[in-house]
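The structure under discussion appears below in the form of structure tokens.
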Amino acid sequence: MRNPLQWHPATVRAHRDLSPTVREFEIRPQGGVRPWTVGSHLNVQVQIDGRQETRSYSLVGLPGDPEVYRIAVKLALPSRGGSRHMWSLETGAELQVGEPNNHFELSLGAPQYLLVAGGIGITPLVGMALMLQARGADVRLLYAARSAAEFALKDVLHASLGERLRTFADDAGQRIAFADEIAALHPNALLLMCGPLPMLDAVRGAWAQTSRPPANLRFETFGNSGAAANEAFWVRLPRHGVELQVPADRTLLDVLNEAGVDTLFDCRRGECGLCAVDIVETHGRIDHRDVFFSAHEKQLNQRLCACVSRVSGGGLVLDSAYRPD
């Protein structure tokens, strides 16, 4: 089970820097833009060290332009290579893109909305903010970034939201008081959040301390940030009789599938749980980077999401779903 992909030739019509580390691209697909809704993402084929891989980027703004998709790409350091490839593209460059898909739908009709963005997590929330404002909804946006220079798209958001946009710069010691912000919400308000895992953990923790419906907290993650820096690790699969090396710039999911250990997947962000594999032995420290398993399940170290989670200081002995009969 995975998202069906139909690739379309496209070209880069233009690009511009939104911040020192965020670049916006206008991508013109052959045959025109396919229908999409706010919160959607676009799959893009990238070349990394001679390999063809797929990366997903949120569509920015509101639907309506019949010619181009707009995405914004943060230059990640260190990088698995996707952002580095995208930043190498100039106007007129050719590439292959998929069709818009949405795992982060905006539900309309709530009495109040709180949008929370961390860094490049602002990209899917821009369109939501603009749409909700145009509909006269009660909406606020809290936007955190490492520094004031990194508030990409702040001008667009401020023009629409005015004082309902609040920014928080890490280097200025500014932090979002999530418990207070959530306590001030309408009982049936929706909170939509996109950002790094530490921010998501803080939001989920504050939300769990209330009696609010769990379904009213909705989120999307980057799917590649963790507690430790990426490093290479090994995996051994006795049932297959193989031992594999997972480089620092590759995912366990990619290495397993390339080695013929077919592993289901869909989101590639640690959200759906399809790529979860069983852990037989742990040698090192597992860095669970998913949002699928609960905190208790992560402590048990019995399974991990192969698309995002990693190991520091060793490796793993794994089991798979393969059975010779």
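The values are calculated or read from the model by the stated rules, or taken from the named source; none is laboratory data. The shown structure was predicted, so the numbers you read here are calculated from the model rather than taken from an experiment. All Cβ positions, glycine included, derive from the backbone under ideal geometry; neighbour counts span all protein chains shown.
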(message) Among the residues in segment 25-44, are any touching a Ser or Thr at 6+ places or on another chain (Cβ under 7 Å), in contact (Cβ under 8 Å) with a residue 12 or more places away in the chain and within 21 Å of residue 247 (Cβ to Cβ)?
(response) no
(request) Would you be able to tell me the number of residues in segment 53-87 that are over 15 Å from residue 24 (Cα atoms), in a loop (DSSP other than H, G, I, E, B) and not hydrophobic (A, V, I, L, M, F, W, C)? (result) 9
(message) Being surrounded by fewer than 14 Cβ atoms within 10 Å (Cβ to Cβ) and in contact with an Asp or Glu (Cβ under 9 Å, 6 or more places away or on another chain) narrows it down to one residue among 189, 208, 152, 227; which is it?
(response) 227
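Quick grid of which residues meet (1) touching a strand residue (DSSP E or B) at 6+ places or on another chain (Cβ under 8 Å); (2) at pLDDT 90 or above; (3) surrounded by 17 or more Cβ atoms within 10 Å (Cβ to Cβ); (4) not small (Gly, Ala, Ser):
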position	(1), (2), (3), (4)
276	yes, yes, yes, no
284	yes, yes, no, no
313	yes, yes, no, no
324	no, no, no, yes
(message) Among the residues in segment 286-307, are any outside the structural domain of residue 58 (by TED's automatic domain parsing), surrounded by fewer than 15 Cβ atoms within 10 Å (Cβ to Cβ) and assigned to a strand (DSSP E or B)?
(response) no
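In this structure, is residue 265 part of a loop (DSSP other than H, G, I, E, B), without any contact (Cβ under 8 Å) to a residue 40 or more places away in the chain and within 21 Å of the chain's Cα centre (by Cα)?
Values: part of a loop (DSSP other than H, G, I, E, B): yes; without any contact (Cβ under 8 Å) to a residue 40 or more places away in the chain: no; within 21 Å of the chain's Cα centre (by Cα): yes.
Answer is no for this residue.
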(message) Here are the criteria: (1) within 27 Å of residue 271 (Cα to Cα); (2) at pLDDT 95 or above; (3) not in a helix (DSSP H, G or I). Tell me which single one residue 124 does not satisfy.
(response) (3)
